[in-house]
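The values are calculated or read from the model by the stated rules, or taken from the named source; none is laboratory data. Everything quoted here is computed from the prediction, not taken from an experiment. Reconstructed Cβ throughout: ideal geometry from the backbone, glycine too, with neighbour counts over all protein chains shown.
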Amino acid sequence: MRPVYIAGIGQTSIAEHWDKTAQDLAHDAASQALHGYTGSIGAVYVANALSAALGNQSNLAPAVAAGLGLRGVETLTIEAGGAAGGMAIRQAQLAVAAGVVDAVLVVGVEKVSDVLDERREAALALSMDADWEAFHGVTVTAQWAMLMRSYMHSYALGAQAFAPFPVNAHANGVHNKHALYRFAINADKYQSAAAVAAPLGLLDCSTEADGAAAVLISATPPVAGAVIRIAGSAVASDTVALHAWADLLQLDAVRWSFERAMAQAGVERSDVDVFELTDPHAIAAILAFEAMGYAAAGTGHLLGSSGAIRPDGSTPVALAGGCKARGNLLGALGVLQIVELTQQLQGSAPTQVADARVGLAQCMSGIGSTVATHILVRDA
C-alpha cells in the first residue's frame, strides 16, 4: 500500500447560509482545496447526512463534480450519518493507497437551516433505530441526555462536572473566524442555562449548521509546506439501538476503530498531540476518551477539570471550537476535522498546540453506531 498525503484543504464558515445551496458551499470549499493543484483528480467523494431528507437531493457527488468542471471522473455520495465525512476520508485513503487512483477530492457538505426544527429533528433521528427509538419520539439529544444521567448516577457526579468541556470549546472558538459561536462562556453560565433534555442544558448542546469542508488526498506529497500523511485509518460499527448495548457507558466502536487506526499508524496513546472528536455534548467527549483509554471508566470528566483538554494540556481537544462552538456539520464533520488537524500539524491553526506532530480525528454516527478514526502525522 502506498503512503497517502494531504495535498490541499478548504472550508467555508459554519453559519446559516440562507443565500447558498449545498452545491454552492461544496464548490467554495473544494475550490480552496484545489487551489494551485495541477495534477489529475481520479475521483470525487461527497459526504453528507441529510441532503436527501431535507434538500430532496440524494445524488450530490456528480452534481458537485460537474460544477467543478470534473465531468467524467468517478463520483460517490457517501451517507453514514454523522460518520459520513470520516467514511469518505477512509474510502479515499483506501483508493489512493491501493493505487486505484492518484488523487481523490473529498468534500463534506451539510445544509440544514432551511427547514423548521421539527423536520430537522426527524431527519436527525434517521441515524437511530427506526422501530424501537425514533418511532416513539426519542431524539439523539435525548439519548445523550440519558447517558449523561446514567454517568452522573453511576459515579455520583453533578452536572457541573461536565462544564469544562463546553467552556474549553468556546474559549477556543473565539479565535476561529469560521466558527458559529465566537464567544466565551463560564461554568456559572453553563449551570444557569435552560434545560434542553435534562440534565443537558443549552450550553452543553451543539447547533447543527450549514457549511462545507474539502480535502485533497494524494499519493504525492505537496511540493511546499509541511508534509501531512494519513498514517492510520479505521472504521468500526456497533448496534444501532441503544437498548441493545451490554454497557450503556462503553462506546465499543470508538475503542475498536481507535485501536485499529493506532496500530496501523504505529503510534502510542502518548504520541497523539491533538484531538478532534464528535463532541456535541460533554458526555460524548468524555465517553470517547474513556473508550480510547485516555481515562479510566468514570474519570473522563477529570480531563476537563484538570485542564488536560486545553491547548496546553495532555489531551487538547476542540481547538477550533468543537461541535459546541464551531458548530456541528453532521455528515461533513469528519472532513472538517481533517482540515482542522492539518492546520494544527502545519502550525497554522487559530488556536495552536505547540509543535503538534500527531493528530487524531474521530467522528461517529448516532450514539457510536459507526465510528471512523484517522491518525495524521507530520513527516516534515
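Taking region 214-249, which residues are in contact with a Leu (Cβ under 7 Å, 6 or more places away or on another chain) and surrounded by fewer than 18 Cβ atoms within 10 Å (Cβ to Cβ)?
Matches in region 214-249: Ala226, Leu248.
What do you reckon, is Thr77 under 21 Å from Met364 (Cα atoms) and either modelled with pLDDT of 95 or more or among the β-branched types (Val, Ile, Thr) (or both)?
On the way: under 21 Å from Met364 (Cα atoms): yes; either modelled with pLDDT of 95 or more or among the β-branched types (Val, Ile, Thr) (or both): yes.
Yes, satisfied.
Quick check on region 125-137. Is at least one of its residues of a type in the set (Phe, Trp, Tyr), part of a helix (DSSP H, G or I) and farther than 28 Å from Pro350 by Cβ?
Yes, there is a match, as at least one residue in region 125-137 is of a type in the set (Phe, Trp, Tyr), part of a helix (DSSP H, G or I) and farther than 28 Å from Pro350 by Cβ.
Which numbered condition trips up Tyr151, out of (1) modelled with pLDDT of 95 or more; (2) closer than 25 Å to Ile89 by Cβ; (3) of a type outside the set (Gly, Ala, Ser)?
Unmet for Tyr151, out of (1) modelled with pLDDT of 95 or more; (2) closer than 25 Å to Ile89 by Cβ; (3) of a type outside the set (Gly, Ala, Ser): (2).
What number of residues within region 88-115 satisfy the criterion of being surrounded by fewer than 24 Cβ atoms within 10 Å (Cβ to Cβ) and touching an Asp or Glu at 6+ places or on another chain (Cβ under 6 Å)?
The qualifying residues number 1.
Here is a yes/no grid of residues against (1) closer than 24 Å to Lys177 by Cβ; (2) in contact with a Ser or Thr (Cβ under 7 Å, 6 or more places away or on another chain):
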{"position": "Gly293", "(1), (2)": "no, no"}
{"position": "Ala296", "(1), (2)": "no, no"}
{"position": "Gly313", "(1), (2)": "yes, no"}
{"position": "Cys323", "(1), (2)": "yes, yes"}
{"position": "Leu336", "(1), (2)": "yes, no"}
{"position": "Gln343", "(1), (2)": "yes, no"}
{"position": "Gln346", "(1), (2)": "yes, no"}
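Run Gly368 past the list (1) surrounded by 24 or more Cβ atoms within 10 Å (Cβ to Cβ); (2) in a helix (DSSP H, G or I) and report the number of the one that doesn't hold.
(2)
Quick check on my filter: what residues within region 126-148 are among the aliphatic types (A, V, I, L, M), crowded, with 21+ Cβ neighbours inside 10 Å and modelled with pLDDT under 90?
Met128
When the residues of region 285-313 are narrowed to those that are outside any loop (DSSP other than H, G, I, E, B) and not small (Gly, Ala, Ser), which ends up farthest from Trp256 (Cα to Cα)?
Only one residue tops the list, namely Leu302.
Kindly list the number of the only condition in (1) closer than 21 Å to Ala209 by Cβ; (2) at pLDDT 95 or above; (3) of a type outside the set (Val, Ile, Thr) that fails for Asn56.
So the condition that Asn56 fails would be (2).
Which of (1) surrounded by fewer than 16 Cβ atoms within 10 Å (Cβ to Cβ); (2) touching a helix residue (DSSP H, G or I) at 6+ places or on another chain (Cβ under 6 Å); (3) farther than 25 Å from Pro199 by Cα; (4) of a type in the set (Ser, Thr, Tyr) does Thr351 not meet, given it meets every other one?
Going through (1) surrounded by fewer than 16 Cβ atoms within 10 Å (Cβ to Cβ); (2) touching a helix residue (DSSP H, G or I) at 6+ places or on another chain (Cβ under 6 Å); (3) farther than 25 Å from Pro199 by Cα; (4) of a type in the set (Ser, Thr, Tyr) one by one, Thr351 breaks only (1).
Given Gly331, Gly359, Gly304, Gly327, which one is touching a helix residue (DSSP H, G or I) at 6+ places or on another chain (Cβ under 7 Å) and under 20 Å from Ser13 (Cα atoms)? Don't jump to the end; show me each part of the working.
Details: Gly359 fails: under 20 Å from Ser13 (Cα atoms); Gly304 fails: under 20 Å from Ser13 (Cα atoms); Gly327 fails: touching a helix residue (DSSP H, G or I) at 6+ places or on another chain (Cβ under 7 Å).
After applying the criteria, what remains is Gly331.
Run Gly82 past the list (1) touching a Ser or Thr at 6+ places or on another chain (Cβ under 7 Å); (2) free of Cβ contacts under 8 Å to residues at least 24 places away in the same chain and report the number of the one that doesn't hold.
Every condition holds for Gly82 apart from (2).
State which residue pairs qualify: first residue farther than 29 Å from Leu147 by Cα and touching a residue at least 60 places away in the same chain (Cβ under 8 Å) and inside region 199-225, second residue in a loop (DSSP other than H, G, I, E, B) and of a type in the set (Phe, Trp, Tyr) in any location, beta carbons under 8 Å apart, and separation of 6 or more residues or different chains.
Final answer for the pair search is Leu216/Tyr37.
List pairs: first in region 297-315 and without any contact (Cβ under 8 Å) to a residue 24 or more places away in the chain, second buried (at least 22 other Cβ atoms within 10 Å of the Cβ) and acidic (Asp, Glu), Cβ under 7 Å, 6+ apart or cross-chain?
Gly300/Glu290
Go over the candidates Leu360, Leu376, Leu345 one by one and state the one that is over 13 Å from the mean Cα position of the chain (by Cα), surrounded by 24 or more Cβ atoms within 10 Å (Cβ to Cβ), in contact (Cβ under 8 Å) with a residue 24 or more places away in the chain and assigned to a strand (DSSP E or B). Don't jump to the end; show me each part of the working.
Values: Leu360 fails: over 13 Å from the mean Cα position of the chain (by Cα); Leu345 fails: assigned to a strand (DSSP E or B).
Answer to the check: Leu376.
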